[in-house]
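The next block holds one structure in the form of structure tokens; read it before the comments.
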Ligand code: 6PG
């Protein structure tokens, strides 16, 4: 997979705008059905607000776009920790046709069952049970990086990060807060996209971004698109030495 492209924005606001523009560019590049894989955590919240704001929502062809999620906390939809619930409340519920929002179900007995159900949903959307390198599953995959270098719910040293067959796996225990079980897409499923876009902003991210830029073999470094991977960062997250 190609090396990530590093793009530096002045601050978190400019970064969210840059991310929104990249989402719109992927939408514009595909005249057919579009699949966008969202992410959780705090990093994408401003982007979601922007996409739901008047200026942007009018430009999105909602009838053609399907929204997925790269990982989920195994908590009910009503729980504020639920990643898709945050995205829905922030911009999807007011705009997306209901059949176009594809949450990871958390009503199953355990995260493994929920992972299997989501894998079936992804496969039926894709129309095949194995990934064709010539036909990406997603147009855009959004990602974040955690303080331990995890991305989606793929934590360093966990077996889930080595998964090569399944598209979605249950993760019984998280490595960082919130310490609830997770359900996560795997590296091969996430890689099947035209663009994988990381949003990494703020001074709190400086230690982990420094490690990622040093090329440590952390999940957030191993996660690469079969197409283009972009690390969108802001000045505050950059290591001192390379700040502009
Ligand atoms: C989650 C996310 C996770 C997130 C990173 C960064 O479920 O928590 O999908 O992978 O992207 O942990 O989180 P922040 O954006 O909150 O820093």
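Search the range 50-70 for residues being assigned to a helix (DSSP H, G or I) and touching a helix residue (DSSP H, G or I) at 6+ places or on another chain (Cβ under 6 Å), and hand back the single one that is surrounded by the most Cβ atoms within 10 Å (Cβ to Cβ). Reasoning before the result, please.
Pass one, the range 50-70, residues assigned to a helix (DSSP H, G or I): 50-52, 54-57, 62-64.
Restricting the remaining residues to those that are touching a helix residue (DSSP H, G or I) at 6+ places or on another chain (Cβ under 6 Å) gives 50-52, 56.
Values: 50: 20, 51: 25, 52: 19, 56: 19.
Here the answer is 51.
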Those residues of the range 74-94 which are within 21 Å of residue 196 (Cβ to Cβ), in contact with a strand residue (DSSP E or B) (Cβ under 8 Å, 6 or more places away or on another chain) and within 12 Å of the ligand (Cβ to nearest atom), in sequence order = 83, 84, 87
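Name the single residue, out of those in the range 122-133 being free of Cβ contacts under 8 Å to residues at least 40 places away in the same chain and within 19 Å of residue 32 (Cβ to Cβ), that is surrounded by the fewest Cβ atoms within 10 Å (Cβ to Cβ).
To start, the set of residues in the range 122-133 that are free of Cβ contacts under 8 Å to residues at least 40 places away in the same chain comprises 124, 126-130, 132.
Still in the list and also within 19 Å of residue 32 (Cβ to Cβ): 124, 126-128, 132.
On the way: 124: 10, 126: 19, 127: 8, 128: 10, 132: 11.
The qualifying residue surrounded by the fewest Cβ atoms within 10 Å (Cβ to Cβ) is 127.
Go through the residues of the range 95-102 one by one and say whether even a single one is farther than 21 Å from residue 200 by Cα, outside any strand (DSSP E or B) and within 16 Å of the ligand (Cβ to nearest atom).
Keep residues of the range 95-102 that are farther than 21 Å from residue 200 by Cα, which gives 95-102.
Now restrict to residues that are outside any strand (DSSP E or B): 95-100, 102.
Imposing the further condition that a residue be within 16 Å of the ligand (Cβ to nearest atom) reduces the set to 102.
Yes, the range 95-102 has at least one match.
Hey, can you tell me all the residues within the range 222-241 that are more than 15 Å from residue 37 (Cβ to Cβ), touching a strand residue (DSSP E or B) at 6+ places or on another chain (Cβ under 9 Å) and surrounded by fewer than 19 Cβ atoms within 10 Å (Cβ to Cβ)?
The first filter runs over the range 222-241 and keeps only residues more than 15 Å from residue 37 (Cβ to Cβ), leaving 222, 231-241.
Within this subset, residues satisfying the condition of being touching a strand residue (DSSP E or B) at 6+ places or on another chain (Cβ under 9 Å) are 222, 231-235, 237-238.
Within the range 222-241, 222, 235 meet the criteria.
Report yes if some residue within the range 192-204 is over 16 Å from residue 143 (Cα atoms) and modelled with pLDDT of 95 or more; otherwise report no. First the steps, then the outcome.
First, pick out the residues of the range 192-204 that are over 16 Å from residue 143 (Cα atoms): 203-204.
Within this subset, residues satisfying the condition of being modelled with pLDDT of 95 or more are 203-204.
There is at least one residue in the range 192-204 that is over 16 Å from residue 143 (Cα atoms) and modelled with pLDDT of 95 or more.
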Scan of the range 149-182 for residues that are within 12 Å of the ligand (Cβ to nearest atom) and either within 13 Å of the chain's Cα centre (by Cα) or surrounded by fewer than 16 Cβ atoms within 10 Å (Cβ to Cβ) (or both), ordered by number | 150, 151, 152, 153, 154, 176, 177, 178, 179
Unmet requirement for residue 210, which otherwise passes all of (1) within 16 Å of the ligand (Cβ to nearest atom); (2) within 26 Å of residue 45 (Cβ to Cβ); (3) assigned to a loop (DSSP other than H, G, I, E, B); (4) free of Cβ contacts under 8 Å to residues at least 40 places away in the same chain = (3)
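For residues in the range 134-147 being more than 9 Å from the ligand (Cβ to nearest atom) and surrounded by fewer than 24 Cβ atoms within 10 Å (Cβ to Cβ), which is nearest to residue 206 (Cα to Cα)?
Of all residues in the range 134-147, those more than 9 Å from the ligand (Cβ to nearest atom) come to 134-141.
If we keep only those that are surrounded by fewer than 24 Cβ atoms within 10 Å (Cβ to Cβ) too, we end up with 134-136, 139.
Numbers: 134: 36, 135: 35, 136: 32, 139: 29 Å.
By that ranking, first place goes to 139.
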For residues that are under 20 Å from residue 223 (Cβ atoms) and part of a helix (DSSP H, G or I), tally how many sit in the range 2-31.
-> 6
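Regarding residue 202, is this residue closer than 20 Å to residue 7 by Cα, over 12 Å from the mean Cα position of the chain (by Cα) and within 12 Å of the ligand (Cβ to nearest atom)?
Values: closer than 20 Å to residue 7 by Cα: yes; over 12 Å from the mean Cα position of the chain (by Cα): yes; within 12 Å of the ligand (Cβ to nearest atom): yes.
For residue 202, the condition - closer than 20 Å to residue 7 by Cα, over 12 Å from the mean Cα position of the chain (by Cα) and within 12 Å of the ligand (Cβ to nearest atom) - is met.
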Output the residues belonging to the range 71-83 that are free of Cβ contacts under 8 Å to residues at least 60 places away in the same chain and touching a helix residue (DSSP H, G or I) at 6+ places or on another chain (Cβ under 8 Å).
-> 77, 78, 79, 80
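The values are calculated or read from the model by the stated rules, or taken from the named source; none is laboratory data. This is a predicted model, so every value here is computed, not measured. When we count neighbours, we look across all protein chains shown, and the Cβ atoms used for this are built from the backbone with ideal geometry, even at glycine.
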